[in-house]
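Student: What follows is a structure written as structure tokens; I'll ask about it next.
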Amino acid sequence: MPSPTPSHHHDRVLLLLVLLLLAAAVASRGDDDTYAVSACRSRPYLCGGVNISYPFYLASDDAKAVPDHDGESYCGYPGLAVSCDDANNKAVLKLGDDNHTVSGIDYANLIVSLADADAAGAGNGGCPVVDHNVTIPPAVQLSLILHSVDYLFFFVGCSFGTEAEPAPKPPKPPTIKPITCGDMDKPASMTFVLPRGEVPPGDWSSACRQVLEVPVLKSSVPSNAVAEDPVWRNDGYGKALRAGFQLGWDRSSGGPCGQCEQSSGKCGYNRAGEFLGCLCADGGCSKISADSSALSWPAT
């Protein structure tokens, strides 16, 4: 048998080198590609009566139990992972450290409707309460819809004084009354819930243990004064909390994700929220990746 020619040997060495480089590239990317590809095999999923679809996706624990999901899902925007609370039949989206119940997602108008998960229940003898401000982390591509939002201010644990006290606290403004459900109207520690436009001026809130600001739908707040309305102070404010608020998102318009979506693809991200590549449903979208190399992940 004739010995290999120098050119044949060179070709073999070159082929081996290419294979080693490919293997190293795959190994360097770790499991992120595997997760992203599996996420692209996902289909819309019903969670708590809400259709979960791109750019939202199922959180890790839920994705493992759903056909065509394998581990964590990255086929969607960072921070838009939805958990399924099967025990209470609710879809839950976390903003920062706080859970919010998802009541609906309008994909045509790019709107998600949320309500504070704790306020949806009842505490303190039937009074819905909140214990935190609503914050949207910068990495989450959601924002308040300004034309539809109003704010409720919770003045919690207020204990007012008089000028006769040795160390006086500010007196209670005469135009406001505490909420009356449960035991929240005890003089020793009163709680007030006021729309933004009805908060009296002055430093009287320094007599309160905590002041919280919560977005609600503008349509859920009566147009007339509510500071002294017994209906509002008993259950009206609770209805406004349970109606929740709305956030919107924008489709990506620039960068590799924007190019991906313009090519009918879906944007894949790693655990750190970094763009990995363009996930193609049928392999037909443009080959777009974070480093602009020719890479796409067709679903199988």
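Student: Could you pull out every residue, at least 5 positions away or on a different chain, whose amide H is within less than 5 Å of the one on Leu276? Hs are placed 1.01 Å off N in the peptide plane, and Pro or chain starts have none.
Tutor: Amide H to amide H, under 5 Å and 5 or more residues apart or across chains, Leu276 pairs with Gly268, Tyr269, Asn270.
Student: Here's a follow-up. Please compare each pair in Lys94/Lys177; Lys90/Lys172; Lys90/Lys218; Lys172/Lys239 to a cut-off of 31 Å on the Cα-Cα distance and tell me which ones are over it.
Tutor: From the list (Lys94/Lys177; Lys90/Lys172; Lys90/Lys218; Lys172/Lys239), the Cα-Cα distance tops 31 Å for Lys94/Lys177; Lys90/Lys172.
Student: For a quick check of understanding: with a 1.4 angstrom probe and all protein chains in place, what accessible area in square angstrom does Arg251 have, to the nearest ten?
Tutor: 150
Student: Using the Cβ atoms and a cut-off under 14 Å, what net charge is assigned to the surroundings of Trp249, where Lys and Arg are +1 and Asp and Glu are -1?
Tutor: For residues surrounding Trp249, the net value is -2.
Student: In the full protein assembly as shown, how much of Tyr54 is accessible to a 1.4 Å probe, in Å² to the nearest 10?
Tutor: 40
Student: OK, next. Which FRET efficiency, nearest 0.05, do Thr175 and Ala87 yield, Cβ-Cβ r, R0 41 Å?
Tutor: 0.45
Student: Right, another one. What does the accessible area of Lys266 come to, in Å² to the nearest 10, when a probe of 1.4 Å is used?
Tutor: Looks like 70 Å² after rounding.
Student: List every residue whose amide H lies under 5 Å from the amide H of Cys158, counting only residues 5 or more places away in sequence or on a different chain, with H placed 1.01 Å from N in the peptide plane.
Tutor: Excluding prolines and chain starts, which carry no amide H, the hits are Met190, Thr191, Arg209.
The values are calculated or read from the model by the stated rules, or taken from the named source; none is laboratory data. Please read these numbers as outputs of a predicted model, since none were measured by experiment. Heads up, the Cβs are rebuilt from the backbone with ideal geometry, glycines too, and the neighbour counts pull from every protein chain shown. With ligands, DNA and RNA removed, areas are computed over all heavy atoms of the protein, side chains included. Shrake-Rupley method; radii C 1.70, N 1.55, O 1.52, S 1.80 Å.
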